[in-house]
Amino acid sequence: MAEQTISKAHVNAQNFPNLSQNFIIDFIYNSLLFEHPEINYEDVKKALSTKEFDSTNKQFSLIINHKKALDFVLDLVKNNQPLTEELLKDLHEVLMGEESNGGLYRKVDISIKGSNHTPPSYLKVYDRMKKYFLTLENYEGDILEKIAYSHVQLAKIHPFLDGNGRCARLVLNYFLLMNGLPPVIIYQEESKEYFNALEEYKVNKDISVFVNFLKKKIS
């Protein structure tokens with residue numbers, strides 16, 4: 001695969017993209033739907049259009065916290081700020097809101113329903129995450145492979161107890177934007193192709209399937 005020419009092109013304050021309200025609604029709705037099928041599109045529109053925060057409404061909180069997490073990512077990009085391990089934990093904490101496990105690596109072993117891959121033991125999470133960031137920092141070669149790696153490896157480690165998918169999709173868009181590429185929405189009708197691509201990496205260590213999926217998304 002030929003190396004992309006966008007090796008270190010960053011989105012700066014001058015050319016920073018303004019995401020449309022429709023994009024924001026679609027992104028949050030589709031990302032939440034993977035883990036929270038009870039969410040509907042009108043819920044998202046309503047939650048994002050009101051100024052009154054109803055902390056007792058779980059669906060409302062999920063939506064608003066996701067918007068805050070997206071804003072967190074956009075601020076990082078606007079300020080050309082590298083994503084560190086501490087900032088990833090901060091992002092997850094924003095995403096999870098008042099939940100007690102926000103920003104904390106899991107302390108139990110887990111399995112993922114429908115996957116042939118079992119995430120590493122919680123005892124290995126700290127080491128795997130340090131290697132994850134070290135690999136990203138020193139990644140050489142195809143920029144799309146690096147962007148794909150930022151998503152699929154985080155999904156494979158599954159470092160948090162909850163919200164891993166949502167967090168990983170935010171990280172994916174962070175790296176796309178930081179490299180001058182458009183952010184993406186992974187729609188529900190693409191879920192089978194998306195999960196198959198993740199599974200190919202998790203089980204067979206084949207990142208090319210997700211890279212090709214990503215190419216179609218940004219073309």
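The values are calculated or read from the model by the stated rules, or taken from the named source; none is laboratory data. Model, not experiment: these values are computed from the prediction. A quick note on method: Cβ atoms are made from the backbone with ideal geometry, for glycine too, and the neighbour counts reach across all protein chains shown.
The residues in the range 185-207 that are assigned to a loop (DSSP other than H, G, I, E, B) and either crowded, with 22+ Cβ neighbours inside 10 Å or not aromatic (F, W, Y) (or both) can be counted, and the count is 5.
For first residues located in the range 43-64 and over 18 Å from Q21 (Cα atoms), partners that are among the acidic types (D, E) and assigned to a helix (DSSP H, G or I) and lie 6+ apart or on another chain with Cβ distances below 6 Å form the pairs Q59/D43. Look at N101 and say whether it is touching a strand residue (DSSP E or B) at 6+ places or on another chain (Cβ under 8 Å) and among the polar types (S, T, N, Q). Yes: the conditions hold for N101.
Every test in (1) farther than 21 Å from S31 by Cα; (2) in contact (Cβ under 8 Å) with a residue 12 or more places away in the chain; (3) of a type in the set (S, T, N, Q) is passed by S150 save one, and that test is (1). For G102, the conditions (1) part of a loop (DSSP other than H, G, I, E, B); (2) loosely packed, with under 15 Cβ neighbours inside 10 Å all hold with the exception of (2). Number of residues in the range 178-219 that are over 16 Å from the mean Cα position of the chain (by Cα), farther than 26 Å from L19 by Cα and of a type in the set (G, A, S): the value is 1. Go through the residues of the range 109-119 one by one and say whether even a single one is in contact with an Asp or Glu (Cβ under 9 Å, 6 or more places away or on another chain) and charged (D, E, K, R). No, the range 109-119 contains no residue that is in contact with an Asp or Glu (Cβ under 9 Å, 6 or more places away or on another chain) and charged (D, E, K, R). Examine the range 48-58 for a residue that is of a type outside the set (F, W, Y), at pLDDT 95 or above and assigned to a loop (DSSP other than H, G, I, E, B), and state whether such a residue exists. There is no residue in the range 48-58 that is of a type outside the set (F, W, Y), at pLDDT 95 or above and assigned to a loop (DSSP other than H, G, I, E, B). Just one of the listed residues (L170, L95) is in contact (Cβ under 8 Å) with a residue 24 or more places away in the chain, out of contact with any Lys or Arg (no Cβ under 7 Å at 6 or more places or on another chain), within 30 Å of E38 (Cα to Cα) and surrounded by 18 or more Cβ atoms within 10 Å (Cβ to Cβ), and it is L170.
Does the range 78-88 contain any residue that is at pLDDT 95 or above, under 20 Å from the mean Cα position of the chain (by Cα) and buried (at least 18 other Cβ atoms within 10 Å of the Cβ)? Checked against the condition, which is being at pLDDT 95 or above, under 20 Å from the mean Cα position of the chain (by Cα) and buried (at least 18 other Cβ atoms within 10 Å of the Cβ), the range 78-88 yields at least one hit. In the range 22-43, the qualifying residues are those that are within 18 Å of M96 (Cβ to Cβ) and not acidic (D, E), and the one that is surrounded by the most Cβ atoms within 10 Å (Cβ to Cβ) is I28. Among residues of the range 191-209 that are closer than 16 Å to P119 by Cβ, those with a Cβ under 6 angstrom from a residue that is of a type in the set (F, W, Y) and in a helix (DSSP H, G or I), sequence gap 6+ or separate chain, pair up as Y201/F210.
The rows are residues; the columns are (1) part of a helix (DSSP H, G or I); (2) of a type outside the set (G, A, S); (3) on the phi < 0 side of the Ramachandran plot.
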| site | (1), (2), (3) |
| --- | --- |
| K107 | no, yes, yes |
| G114 | no, no, no |
| K130 | yes, yes, yes |
| E140 | no, yes, yes |
| L154 | yes, yes, yes |
| D162 | no, yes, yes |
| V171 | yes, yes, yes |
| P183 | no, yes, yes |
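Residue count for the range 45-87 under the criterion of being of a type outside the set (S, T, Y), under 23 Å from K130 (Cβ atoms) and touching a Phe, Trp or Tyr at 6+ places or on another chain (Cβ under 8 Å): the result is 4.
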